[in-house]
1. What value in Å³ per residue do you get for the convex hull of the alpha-carbon atoms in the stretch 158-272?
2. Counting pairs of alpha carbon atoms under 8 Å apart in space and at least six apart in sequence, what relative contact order in percent does the stretch 28-181 give?
3. What shape does the stretch 54-183 have by the C-alpha gyration tensor, where a ≥ b ≥ c are the square roots of the eigenvalues, rounded means a/c under 1.5, and otherwise prolate means a/b greater than b/c and oblate the rest?
4. Just subtract the alpha-carbon distance of residue 241 and residue 78 from 0.36 nm times their residue separation and send over the number in nm, one decimal.
5. Which shape class applies to the stretch 42-82: rounded if a/c is under 1.5, otherwise prolate when a/b exceeds b/c and oblate if not, where a ≥ b ≥ c are the square roots of the Cα gyration tensor eigenvalues?
6. List the residues, sorted by chain then number, that are 5 or more residues from residue 96 or on another chain and whose placed amide H is less than 5 Å from its amide H.
7. May I ask you to evaluate 6.51 cos²θ - 1.76 cosθ + 1.60, the Karplus curve with θ = phi - 60°, for each residue of the stretch 291-307 and list the ³J(HN,Hα) values in order in whole Hz, giving x for glycine and proline?
8. Going by Cα centres, the stretch 231-278 and the stretch 109-143 are how many Å apart?
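The values are calculated or read from the model by the stated rules, or taken from the named source; none is laboratory data. Source: prediction; values computed, not measured. Ideal geometry is used to build each Cβ from the backbone, glycine not excepted, and the neighbour counts take in all protein chains shown. When the accessible area is computed, the model is the full protein with side chains, heavy atoms only, and any ligands, DNA or RNA have been set aside. Shrake-Rupley method; radii C 1.70, N 1.55, O 1.52, S 1.80 Å.
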Amino acid sequence: MVCEECENCKALGYKFCIKCGESFAETAEVTDLKVHSKEMDPFSRTAIPSAFLILILGLGGLLAALINFVPTWEYVEQYKFSIYIYPGFFLDLYTLSGLGIQLFWMLIILAFTIILAVCIYQSKDMFRFGKEDYLERTSCTPIYWVGLLLGSTLLLEVIINLILESTGSDVSVPDGLLDMTLEESLFSFTEAGVWEEIVFRMLLFGIPMAIAGLICKQKGSWKFIFGGFGVSRLGVILMVITAFIFAYAHVEGWGLWKIFSVMLGGLAMGYLFMRFGIHASILFHLINDYLGVWGTISLGIAGIADFALFGLGLICIPLLLIKTVKGIKNLKTMSNTGFTKEEIQIEENNDSNLD
């Protein structure tokens, strides 16, 4: 038996209803359904310019990587990179060098290309301007959500850093990140955007969800490793835990102060992973880190990118706060796992927020 929120959850791209736990695996495609305009937040339009900025920055970042692919290929031959996991500390599994690291560079650029293509395809409703339900459909796309979250969290991180600096904390950027060449920054930031998401989202978030699905005898639970399994209480708990672990992992190179600002980005990427999948969280991470790449290419380009993200982030913050508050309120009626039909008392006329 389904509940009154099932259709809205389908339209928002969820794999399960966040209230009754109904699985949508065997039902019609999401694109055949829609959310009515009356349920949209009044500030929802504010994130659309940010979505198109994300598209521009994503395409620009990939173009920069492709143009400089050969110089970076030659540079990394003398570089060493450790394949690692993070069970509370950095555990090196294998060190790449020579041809091995060059092939790794090629693979992460290929991953960047595929991830951006998938996000654009899943966000194709952004380009259907004449549709009557344009806003409703666009607000359910991964690029829209990356746009909403990235500028907002970056601006909030700056505010946090200013507060910490006013208390006497040293919030300076490590010297190693300021003295990078273009080739070094391209490899380091692209690798971080891809590999850190594999380590902190797929391994620490996706695998526990897959194990939970297996315990609950959920068909195809192995797919949860790649995210996109929908919102549930278990998912929210793991999102917070992995965000803290992700933030703590930055303490070694940056200092304890970094945990406060990185936590915000970790929560944003965890939500994108839970809602859409690993491709959305990687896109967020890459565009965030590529602000460092733009700085090595041109301070002017970096300044424009920063100014645009912060400016649009300021506009998006009210929408982010509205959705966060409504999301927290919705925890009381949310499915525990999303894998089974749980008996949850739904209050009459409950004003829930599904996204």
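1. Working: hull volume 12.8 nm³, N = 115.
Expressed per residue, the convex hull around the Cα atoms of the stretch 158-272 is 111 Å³.
2. Working: 115 pairs, mean separation 44.1, N = 154.
Relative contact order of the stretch 28-181: 29 percent.
3. Numbers: a/c = 2.15, a/b = 1.24, b/c = 1.73.
Oblate.
4. On the way: separation 163, 0.36 × 163 = 58.68 nm, distance 3.65 nm.
Result: 55.0 nm gained on full extension.
5. Values: a/c = 9.45, a/b = 2.93, b/c = 3.23.
Oblate shape, in that a/c is at least 1.5 and b/c is the bigger or equal ratio.
6. 81, 82, 83
7. So the J values, rounded to whole Hz, are 4, x, 5, 4, x, 7, 7, 7, 5, x, 4, 4, x, 5, 4, 4, 4.
8. Spelled out, the Cα-based centre of one part sits 24 Å from the other.
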